[in-house]
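In what follows, a structure is listed as structure tokens, so that the remarks can point back to it.
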Amino acid sequence: MSGGVLAQLSRAERMLAEIATAEEAQQVTNYAAAAADLAKRAKLGTPVVNQAVTIRLLAERRLAEIVDAGMLAGIITAHGGNRSKIRTADLADLDIDVRRLAEARHIRDHYDPDEIRAIRDDYTAEDKLLTRREMLKSDAQRMQSSERNEWWTPEPYIEAARSVLGGIDLDPASCAQANETVRAARYFSVADDGLKQEWKGRVWLNPPYGGRAGAFVTKLAGSAAAGDVTAAVCLVSSHSTDTAWFRPLWDALLCFTYGRIHFNGPGDAATHGSVLAYFGPDRQAFADAFGEFGAVMARWELPPGIG
């Protein structure tokens, strides 16, 4: 069965790139949904299932684009010229369900293709299955889901970061209870949405999971490059090293933990190791402080003319 599912998934990826009509978008949607279901039953693993779900989401997003472009062009009409009220019969001719179209529009309006792929990478790195239902949640619901995925870092790691940074000015993904240990001068809770705030000074970051880690790491790297964040320690999953958002961390000093960190709080227990990344001027201090927790390493710089 596994060979057939992988072949079906490969075909769906090719079809996705060639979608030009609403019928083709629905065909890819159905094809990918079937592939995801088969992958689950065949126990092919999280990466395969999440890729199938991603193809389905991207196909649905394309469906919304095609239908709305058709409405604007007059190919798909609306009652009394009001395009917000779709004539169901017109959609029936295309075999499009009104509710499904509304959901496809939600996906299109809330996520661009790169964001969908980034969320897939986050879920895969956490060994969690990405679901269409999760992507259809409102922003508030997703933030609440993210809050349930907070893993509060044990004190020894926080104290090591504090000693390297000389203090913690900001924790952009925290809560009152977690900050009792972090003791950041300022923190942003789920309600504050740290991604919408300005980050400055010395930062500790244990990003929320549930598909949001990549956005927080990207913002941290950008703020450090801009000079707004003067030094930072960031804690992420060791399963995220193959994601696009992890790439800026390869330029930081990294500590790969020897074992799993036993986190505190409402989140699940870690099922894999972690990586702590340091942005800042005192790399030796980081190596000294975190060497007891794992292997500290940096990107190897090849001599000029080699490589």
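The values are calculated or read from the model by the stated rules, or taken from the named source; none is laboratory data. Nothing here was measured: the structure is a model prediction, and the numbers come from that model. Neighbour counts run over all protein chains shown; Cβ positions are idealised from the backbone, glycine included.
Values as computed for the structure displayed
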| quantity | calculated |
| --- | --- |
| Exclusive hit being under 23 Å from Arg260 (Cα atoms), modelled with pLDDT of 85 or more and surrounded by 21 or more Cβ atoms within 10 Å (Cβ to Cβ), set Ala161, Ala184 | Ala161 |
| Output for the stretch 1-59, where each listed residue is of a type in the set (Val, Ile, Thr) and surrounded by fewer than 20 Cβ atoms within 10 Å (Cβ to Cβ) | Thr21, Thr46 |
| Number of positions in the stretch 167-180 that are under 26 Å from Gly291 (Cβ atoms) and either touching a residue at least 60 places away in the same chain (Cβ under 8 Å) or outside the structural domain of Asp288 (by TED's automatic domain parsing) (or both) | 1 |
| Test: residue in the stretch 124-131 that is closer than 30 Å to Ala285 by Cα, modelled with pLDDT of 80 or more and part of a helix (DSSP H, G or I) | yes |
| For Tyr258: the one exception among (1) among the aromatic types (Phe, Trp, Tyr); (2) surrounded by fewer than 22 Cβ atoms within 10 Å (Cβ to Cβ); (3) under 21 Å from the mean Cα position of the chain (by Cα); (4) more than 22 Å from Leu129 (Cα to Cα) | (3) |
| Checklist (1) surrounded by 15 or more Cβ atoms within 10 Å (Cβ to Cβ); (2) at pLDDT 90 or above applied to Ala298, failing item | (1) |
